[in-house]
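Student: One structure follows; several queries about it will come next.
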Amino acid sequence: MTPEQLKAHCLAFNGAVETFPFNEQVSVFKVEGKIFALSALAAQPLTVSLKCEPELAVRLRKQHPAIVGGYHLNKRHWNTVTLDGTVGDELVRDMIEDSYDLVVASLPKSTRLRLDWPGDRD
């Protein structure tokens, strides 16, 4: 996955925005002001930090050496993925979507409906 593909995928979700609250090098992807992904898109190697269910986070770390506890984040709820080709793009896309979904699921129902979140569709 390239930096451009990573950015495009993060911004493809309803209400997703890219911000730079820390510095101009770290892209912070948010929905309704809440972070779901962080990446220094120009860094080598490219990494992305994503929110994750705690049990799944541990399983993914055991299965993939390129997935570790979130760098400078709560390691119970965040993973950092090194995008070196050892973790498939489909899994990375799924992890980004899961991170977004975890954040949106915590928002008020009126906000989730405004975002047209699939989790609230009948």
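Student: ILE96 fails exactly one of the following numbered conditions: (1) farther than 15 Å from MET1 by Cα; (2) touching a residue at least 24 places away in the same chain (Cβ under 8 Å); (3) buried (at least 16 other Cβ atoms within 10 Å of the Cβ). What is the number of that condition?
Tutor: All conditions are met except number (1).
Student: Working only within the stretch 30-56, note down all residues that are over 14 Å from the mean Cα position of the chain (by Cα) and closer than 19 Å to MET1 by Cα.
Tutor: Selection gives ALA42, ALA43, GLN44, PRO45.
Student: Let me ask something else. Looking at (1) within 14 Å of the chain's Cα centre (by Cα); (2) surrounded by 13 or more Cβ atoms within 10 Å (Cβ to Cβ), which one does THR111 not meet, given that it meets all the others?
Tutor: Failing condition for THR111: (1).
Student: Say we look at the stretch 44-55 and pick out the residues that are without any contact (Cβ under 8 Å) to a residue 40 or more places away in the chain and closer than 30 Å to THR111 by Cα; which of these is surrounded by the fewest Cβ atoms within 10 Å (Cβ to Cβ)?
Tutor: Within the stretch 44-55, the match that is surrounded by the fewest Cβ atoms within 10 Å (Cβ to Cβ) is GLU55.
Student: Of the residues VAL31, VAL17, VAL26, which single one is surrounded by fewer than 17 Cβ atoms within 10 Å (Cβ to Cβ) and either modelled with pLDDT under 95 or within 26 Å of LEU113 (Cα to Cα) (or both)?
Tutor: None of the others qualify; the one that does is VAL17.
Student: Within the stretch 61-70, is even one residue surrounded by 12 or more Cβ atoms within 10 Å (Cβ to Cβ), part of a helix (DSSP H, G or I) and not small (Gly, Ala, Ser)?
Tutor: Taking every residue of the stretch 61-70 in turn, at least one turns out to be surrounded by 12 or more Cβ atoms within 10 Å (Cβ to Cβ), part of a helix (DSSP H, G or I) and not small (Gly, Ala, Ser).
Student: Considering the stretch 87-111 alone, what residues qualify as being aliphatic (A, V, I, L, M) and over 17 Å from LEU60 (Cα atoms)?
Tutor: Result: VAL103, VAL104, ALA105, LEU107.
Student: Among the candidates VAL81, VAL103, which residue alone is within 12 Å of the chain's Cα centre (by Cα), surrounded by 17 or more Cβ atoms within 10 Å (Cβ to Cβ) and part of a strand (DSSP E or B)?
Tutor: Going through VAL81, VAL103 in turn, just one is within 12 Å of the chain's Cα centre (by Cα), surrounded by 17 or more Cβ atoms within 10 Å (Cβ to Cβ) and part of a strand (DSSP E or B): VAL81.
Student: Determine whether the stretch 64-77 contains at least one residue that is in contact with a Leu (Cβ under 6 Å, 6 or more places away or on another chain) and closer than 29 Å to THR111 by Cβ. Working first, answer last.
Tutor: Filtering the stretch 64-77 for residues in contact with a Leu (Cβ under 6 Å, 6 or more places away or on another chain) gives 67.
Cutting the leftovers down to closer than 29 Å to THR111 by Cβ gives us none.
No: zero hits.
The values are calculated or read from the model by the stated rules, or taken from the named source; none is laboratory data. Everything numeric here is computed off the predicted structure, so don't read it as measured data. Every residue, glycine among them, receives a Cβ derived from its backbone with ideal geometry; neighbour counts consider all protein chains shown.
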